[in-house]
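Novice: Dropping the structure in here first, questions after.
The values are calculated or read from the model by the stated rules, or taken from the named source; none is laboratory data. As the structure is a computational prediction, the values presented were derived from the model and not from experiment. We place every Cβ from the backbone using ideal geometry, glycine too, and count neighbours over all the protein chains shown. Ligands, DNA and RNA are excluded from the accessible area calculation, which covers all protein heavy atoms including side chains. Shrake-Rupley method; radii C 1.70, N 1.55, O 1.52, S 1.80 Å.
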Amino acid sequence: MTIFGNEISPSVEKKAIRQQKKFLKKYGDDRNKNYYLKLVDNDVITNPLGVKVITLSSEPTDFEKQLSELPSKPIIIGNIRMGFGHYRISMAMASAAHKLGFTPLWLDLNSMPETTCTKIIAYQNKLYSTGSRLSQKFSLFNKLVWEPLNYEGFKKLSYNVGDQKNAELMTAVFKNIPKDIPLIATHVWPSQAAIHAGMKNVINAIPDNWPMALHLSEGALHTVQTYNTYWGYKTLHGFEKNKILNPMTDKDIAYTGHYIDDELVANLEVDCKNRIDRCKTSKPIRFLLTIGGAGAQGDFFAAIIRTLLPYIKSNKACLYINCGDYENVWHKLKADIPELSEAKTHFNDWNEEKLFAEKAASNLSEDEGSGIHAFCNKDIFAAVYITNLLMRACDVLVTKPSELAFYPVPKLFIRRVGGHEMWGAIHSAEIGDGTQECETVAFASEMIKQLIENPKEIEKMCHNIIKNKELEIYDGAYKVVRLSEQVR
C-alpha cells in the first residue's frame with residue numbers, strides 16, 4: 001500500500017484491517033444494500049442558501065428525476081456533524097455555490113442512523129467529544145494525551161491508513177448518486193468515502209492551519225486556506241519522522257484562501273464601517289461568545305462573562321451568547337452566574353432569532369446593542385447559522401482558534417482544544433484580524449478590558465479585514481466551488 005507514492009509498512013496496514021473488521025463485526029456491512037435517496041428542503045438554510053438536503057427514503061424514489069428538476073446544476077456538500085465547525089464550513093461552501101449559480105446538495109454522513117457509516121462516525125465522534133471535554137477539565141490529560149494526539153498523532157502518515165480502511169465501509173449511500181456530480185467535502189471522511197465509492201470529481205476542503213495526515217484523501221483535490229498548510233501538505237513534511245517523503249503534485253493540492261460565506265464577504269465593508277462607527281461614538285462594544293460542541297470550555301466562558309458583567313451594567317459592553325443546541329449549557333451558566341437570569345433569551349424560534357440578528361447588523365435600534373442576549377436552538381442548522389448572522393452584528397468574536405479563526409470579524413481567541421488549533425490563532429494574529437491565543441482566564445480578561453477601554457484596537461482589526469479582502473484572502477469558498485468544475 002502507498003499514500004502519494006510513499007510506502008506504508010505491512011504491519012500498519014494489517015492493524016488498519018483489524019480495526020476495519022472490528023467495525024464490521026460491531027456495526028455490520030451494508031455496502032451491498034440499496035438505500036433510496038430523496039431531496040428535501042430545510043427550514044433554516046434552503047431559503048437563504050438554496051440548499052436541498054439529501055436524506056434516506058423508506059420508499060423507492062426517482063432520485064435522478066429530482067436532480068434533473070433542480071433549478072440549477074447540482075454540487076454536493078459532503079460533511080459530518082462533529083462539533084459545529086464542519087457544518088459551518090459546509091454552509092460557507094453552500095453560500096458560495098449558491099452565489100455562483102449552483103444548487104448545493106447537503107449530504108451529512110452522520111445523519112443516517114440506519115447506515116454503517118453513521119454508526120462508525122457517531123462512535124468516533126463520541127470519543128472525540130469526550131476527549132475534548134476531558135482535556136479542558138484535567139490539565140495532565142491534556143498535556144500527556146490530548147495535545148500530543150491532536151498535534152503529532154494525527155500528523156502521522158500511518159494514521160491515514162486506518163481512516164482509509166474505515167471509509168471503505170461508508171460508501172453505501174453513494175450507490176444511487178451519479179458519479180459525475182461535483183462533491184466538496186468539508187471533512188476528510190466524506191471525501192475518502194466518495195473516492196472509494198467511485199465519485200469522479202471530489203474536492204477535500206481541509207480545515208485548520210496545521211498539516212496532518214488525518215486530512216489526506218488521495219484521489220481528491222485538496223484545498224487549503226493558508227500557505228503554511230499548502231507547503232506542509234505539498235511536501236508532507238513531518239508526516240513520517242526524520243524522513244523526506246514523496247510530495248503531492250499540483251493536481252493534488254491548491255491554495256484558495258479562507259472558506260467564508262458569500263453574505264459575510266459581500267457585506268464585509270459595511271459591517272466593518274458599522275464597527276468603527278460604534279467604536280468612535282462610544283457605543284457598547286458587542287461581544288459574541290460561541291459555545292460550540294458539547295460546551296467543553298464552559299468554565300472558561302463563565303469567567304469571561306464575569307469579566308464583562310461590570311461593563312455591561314455600565315453600558316460599555318453588550319453580550320451575545322450562542323449556546324448552540326445545548327440548552328443544558330445555558331442552564332449551567334445561569335446556575336453559576338445569577339446575573340444571567342436577566343438576559344433576554346432567544347430560544348427555538350428561528351424567525352425571531354434571524355430578525356434580531358438582521359436588526360442588530362443594521363443598527364435599526366438600540367435594543368439589539370445593549371444588555372445580554374442568549375441564543376439556543378434545538379435545530380442544529382439554526383444553532384450553527386445564528387453565529388454566522390450574529391458575526392455581522394458583533395464587534396468582537398470570542399472563540400477558540402478553530403474554524404472561526406478564519407472568519408472576517410475581529411476576534412479574541414481563548415484557549416485552544418487540541419494543539420492543532422494553535423496555528424489558527426497564529427495565522428489570524430499575523431494577518432491582523434484577531435488577537436493572540438489567550439491561554440489563561442487572566443490573559444483573556446485583560447484582553448477584554450483592553451479592547452473595551454481602547455477600542456482603537458478593534459478599529460485596527462477592521463481596517464486589516466478590509467485590506468485582507470482586497471488581497472482575496474477571504475475568497476476561498478468561491479475558489480473551491482470554481483475548482484470543482486475543473487477537477488476532472
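Novice: Within region 326-344, which residues are of a type outside the set (Gly, Ala, Ser) and in contact with a helix residue (DSSP H, G or I) (Cβ under 7 Å, 6 or more places away or on another chain)?
Specialist: Val329, Lys332, Leu333, Lys334, Asp336, Ile337, Glu339, Leu340, listed by residue number.
Novice: If Glu437 satisfies every condition in (1) of a type in the set (Asp, Glu); (2) free of Cβ contacts under 8 Å to residues at least 60 places away in the same chain; (3) not in a strand (DSSP E or B) but one, which is the exception?
Specialist: So the condition that Glu437 fails would be (3).
Novice: What are the residue pairs meeting all of these: first residue in region 395-416, first residue under 20 Å from Gly83 (Cα atoms) and without any contact (Cβ under 8 Å) to a residue 24 or more places away in the chain, second residue in a loop (DSSP other than H, G, I, E, B) and open to solvent by less than 10 Å² (accessible area, probe 1.4 Å), Cβ atoms under 7 Å, and 6 or more apart or on different chains?
Specialist: Arg416/Pro401
Novice: Could you list, in sequence order, all residues of region 353-380 that are open to solvent by 70 Å² or more (accessible area, probe 1.4 Å), at pLDDT 90 or above and of a type in the set (Asp, Glu)?
Specialist: Residue satisfying the conditions is Glu358 alone.
Novice: Here's a follow-up. With the checklist (1) within 19 Å of the chain's Cα centre (by Cα); (2) open to solvent by 20 Å² or more (accessible area, probe 1.4 Å); (3) under 30 Å from Leu333 (Cβ atoms) in hand, flag the one item Asp262 doesn't pass.
Specialist: Evaluating Asp262 over (1) within 19 Å of the chain's Cα centre (by Cα); (2) open to solvent by 20 Å² or more (accessible area, probe 1.4 Å); (3) under 30 Å from Leu333 (Cβ atoms) leaves (3) as the failure.
Novice: Please state which of the following conditions Asn363 fails to meet, knowing it meets all the rest: (1) of a type outside the set (Val, Ile, Thr); (2) free of Cβ contacts under 8 Å to residues at least 60 places away in the same chain; (3) within 19 Å of Asn388 (Cα to Cα).
Specialist: Asn363 satisfies every listed condition except (2).
Novice: Further, regarding this structure: Need pairs with beta-carbon distance below 6 Å; first residue open to solvent by 10 Å² or more (accessible area, probe 1.4 Å) and within region 68-80, second β-branched (Val, Ile, Thr) and not in a strand (DSSP E or B); sequence gap 6+ or separate chains.
Specialist: Pro74/Ile181
Novice: Something else about it: Within region 149-241, which helices (runs of 4 or more DSSP H) (wholly inside it) include 2 or more residues that are open to solvent by 30 Å² or more (accessible area, probe 1.4 Å) and touching a His at 6+ places or on another chain (Cβ under 8 Å)?
Specialist: 227-235
Residue by residue, here is whether (1) touching a helix residue (DSSP H, G or I) at 6+ places or on another chain (Cβ under 7 Å); (2) among the hydroxyl-bearing types (Ser, Thr, Tyr); (3) in a helix (DSSP H, G or I) holds:
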{"site": "Val409", "(1), (2), (3)": "yes, no, no"}
{"site": "Ile426", "(1), (2), (3)": "no, no, yes"}
{"site": "Ser445", "(1), (2), (3)": "yes, yes, yes"}
{"site": "Ile448", "(1), (2), (3)": "yes, no, yes"}
{"site": "Leu451", "(1), (2), (3)": "yes, no, yes"}
{"site": "Met461", "(1), (2), (3)": "no, no, yes"}
{"site": "Lys467", "(1), (2), (3)": "no, no, yes"}
{"site": "Ala477", "(1), (2), (3)": "yes, no, yes"}
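Novice: Show the residue pairs meeting these rules: Cβ distance below 8 Å; 6+ apart or different chains; first residue within region 303-321 and within 20 Å of Thr440 (Cα to Cα); second residue open to solvent by 60 Å² or more (accessible area, probe 1.4 Å) and part of a helix (DSSP H, G or I).
Specialist: As it stands, the answer is Thr307/Lys449; Leu309/Glu339, since those pairs meet every condition given.
Novice: Considering only residues of region 457-466 that are of a type in the set (D, E, K, R) and touching a residue at least 12 places away in the same chain (Cβ under 8 Å), which is surrounded by the most Cβ atoms within 10 Å (Cβ to Cβ)?
Specialist: Taking the candidates together, the pick is Glu459.
Novice: Still on this structure, please answer the following. Would a scan of region 266-283 turn up a residue that is farther than 29 Å from Ile465 by Cα and not hydrophobic (A, V, I, L, M, F, W, C)?
Specialist: no
Novice: Which one of Lys316, Lys334 is open to solvent by 60 Å² or more (accessible area, probe 1.4 Å) and either at pLDDT 95 or above or closer than 23 Å to Met93 by Cα (or both)?
Specialist: On inspection, the qualifying residue turns out to be Lys316.
Novice: How many of the residues making up region 418-456 are open to solvent by less than 10 Å² (accessible area, probe 1.4 Å) and among the aliphatic types (A, V, I, L, M)?
Specialist: Of the residues in region 418-456, 4 are open to solvent by less than 10 Å² (accessible area, probe 1.4 Å) and among the aliphatic types (A, V, I, L, M).
Novice: Next question. Which of (1) open to solvent by less than 10 Å² (accessible area, probe 1.4 Å); (2) at pLDDT below 95 is the odd one out, the single condition Val409 does not satisfy?
Specialist: The single condition Val409 does not satisfy is (2).
Novice: From the list Asn176, Asn160, pick out the single residue that is modelled with pLDDT of 90 or more, over 29 Å from Glu7 (Cβ atoms) and touching a strand residue (DSSP E or B) at 6+ places or on another chain (Cβ under 8 Å).
Specialist: Only one candidate passes the filter, namely Asn176.
Novice: Step by step: first the residues of region 85-115, then only those that are more than 25 Å from Lys175 (Cβ to Cβ) and surrounded by fewer than 24 Cβ atoms within 10 Å (Cβ to Cβ), then the one that is modelled with the lowest pLDDT. Which residue is that?
Specialist: The qualifying residue modelled with the lowest pLDDT is Gly85.
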